[in-house]
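Okay, so here's the structure we're looking at.
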Amino acid sequence: MKKQTFLLVLMFASAALFAQSEKYVKAMEPKVAALDTTHNPEVLKDLANSFERIADAEKTQWLPYYYAALAHVNAGYMVGMGDNGMGGSPDKSDPEADKADELIKKAEALSKDNSEIWVVKKMIATLHMMGDPMNRYMTYGPQAAEALATAKKLNPENPRIYLLEGQDKYYTPEQYGGSKEEAKKLFEQASEKFEKFKPESSIHPYWGVYQTKYFLSLAK
């Protein structure tokens, strides 16, 4: 009798856990899809807040904190580009970078040695640097490079690494090591990696495909 009772309790617990997991995935899926196609900073901030609410409710899931950080980073790039398209608006970009940093640390606490998390860390360092490139390069440039190197060490098949490397080469002036030709090769490498890449689930990172295609179109 005790064994039967235990099995019933186990079955109900498993069913409840499955329902909770299914509800979590269903809540995440449309937001993950929207994040990859949104180009409005205010909408991105709203998405970030939604991801953070999910993260605070779930408590053990790293993905909502990761996506909340990514949304803030993307918003920061958009609001901080400045009139010259090269950054220089720290009053707009720094708050987004700071918030993203706070969130990605929460994601990392739940998922150590994660290549995707280090990719976002690289993006945060770059966003900080954009606020004042001339004065911040020596601080945030090495941080960004180290984060990307760590991401590659953890998973060299992650296509987002090569996309970011290509963007760095594309936007850096030639006298400082930039190269449109080398950038094109990195975008091609990212594209090849994307063709083979299989996300773990419908809500795991897959972003970067559109950006890679866009940069390849510029490189033709």
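I'm checking my understanding of the structure. Among residues of the range 161-213 that are in a helix (DSSP H, G or I) and among the hydroxyl-bearing types (Ser, Thr, Tyr), which one is nearest to Ala55 (Cα to Cα)?
Tyr210
Is it true that Tyr170 is surrounded by 13 or more Cβ atoms within 10 Å (Cβ to Cβ), modelled with pLDDT under 95 and within 22 Å of Gly76 (Cβ to Cβ)?
Yes, satisfied.
On the basis of being assigned by TED's automatic domain parsing to the domain that holds Ile161, under 21 Å from Leu148 (Cα atoms) and of a type in the set (Gly, Ala, Ser), does Ala219 make the cut?
Spelling it out, it is not the case that Ala219 is assigned by TED's automatic domain parsing to the domain that holds Ile161, under 21 Å from Leu148 (Cα atoms) and of a type in the set (Gly, Ala, Ser).
Among the residues of the range 36-53, what is the count of those that are in contact with a Leu (Cβ under 9 Å, 6 or more places away or on another chain) and either farther than 22 Å from Thr126 by Cβ or at pLDDT 95 or above (or both)?
Result for the range 36-53: 5.
Do we have Leu148 as modelled with pLDDT of 95 or more and in the same structural domain as Leu63 (by TED's automatic domain parsing) here?
When the stated conditions are applied, Leu148 does not pass them.
Which condition does Lys122 not pass, out of (1) surrounded by 13 or more Cβ atoms within 10 Å (Cβ to Cβ); (2) without any contact (Cβ under 8 Å) to a residue 12 or more places away in the chain; (3) part of a helix (DSSP H, G or I), if it passes all the others?
Evaluating Lys122 over (1) surrounded by 13 or more Cβ atoms within 10 Å (Cβ to Cβ); (2) without any contact (Cβ under 8 Å) to a residue 12 or more places away in the chain; (3) part of a helix (DSSP H, G or I) leaves (2) as the failure.
Identify, from the list Lys99, Lys122, Lys92, the residue that is under 12 Å from the mean Cα position of the chain (by Cα) and over 26 Å from Ser21 (Cα atoms).
From the options Lys99, Lys122, Lys92, the qualifying one is Lys122.
Given the structure, is Lys92 in contact with a Phe, Trp or Tyr (Cβ under 6 Å, 6 or more places away or on another chain) and part of a helix (DSSP H, G or I)?
no
The values are calculated or read from the model by the stated rules, or taken from the named source; none is laboratory data. Keep in mind that what you see is a predicted model, and the values were worked out from it rather than measured. Reconstructed Cβ throughout: ideal geometry from the backbone, glycine too, with neighbour counts over all protein chains shown.
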